[in-house]
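Below you'll find the structure, written out as structure tokens, and then a few comments.
Derivation of every value follows stated rules applied to the coordinates shown; laboratory data play no part. Quick caveat, the model's predicted, so the values are computed rather than measured. Glycine also receives a Cβ, built like all others from the backbone with ideal geometry; neighbour counts cover every protein chain displayed.
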């Protein structure tokens, strides 16, 4: 029984990711940096969804992008409500995707090891 539910949630998450990604490209907010929506994790009751994103830039760019996304959340939620056939429109919470930073950290460690091995 859990297989259909997880397959359904996977589809819901992908649908929401597509809608959010489309909506963020249409935002005219200059605070938003080079942004990528990497994933969505929706609660099984469809009331809440965590939107994971990555942004290229310095710490200030990360902070400004987070503020812009928070202020745009109601507009994006409205687009989800009008473009999907979900029973509820989830409340969006934006979070930086930790896997991007971990990947960069691993890459830096590997580069350091490579440089140390060449000496």
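Once the Cα atoms of helix 2-26 and of the chain are each reduced to a long axis, what angle between those two axes, in degrees from 0 to 90 to the nearest 10, is obtained? Result, in degrees: 80. Here the simple spin-label model places points 7 Å from the Cα toward Cβ, and for residue 18 and residue 82 these points are separated by 1.9 nm.
Its residue count N fixes a reference of 2.2 N^0.38 Å for the chain, and the Cα radius of gyration divided by that reference is 1.28. Extension gain, residue 11-residue 45: 0.36 nm per intervening residue step, less the Cα-Cα distance, totals 10.8 nm. Over the residues of the chain, the helix contribution to mean residue ellipticity at 222 nm works out to -21000 deg cm²/dmol, using -39500 (n - 2.57) for each DSSP H run of at least 4. Axis of helix 98-118 versus longest Cα principal axis of the chain: the two differ by about 10°, to the nearest ten degrees. When each of the peptides 110-116, 61-67 is scored by the mean number of other C-beta atoms lying within 10 Å of its residues, the order from highest to lowest reads 61-67, 110-116. Using the Cβ-Cβ distance between residue 38 and residue 115 with R0 = 25 Å, the FRET efficiency computed as 1/(1 + (r/R0)^6) comes to roughly 0.25. Sorting the segments 97-103, 38-44 by their mean number of nearby beta carbons within 10 angstrom, highest to lowest, gives 38-44, 97-103.
To the nearest ten degrees, helix 59-83 and the longest principal axis of the Cα atoms of the chain are 20 degrees apart.
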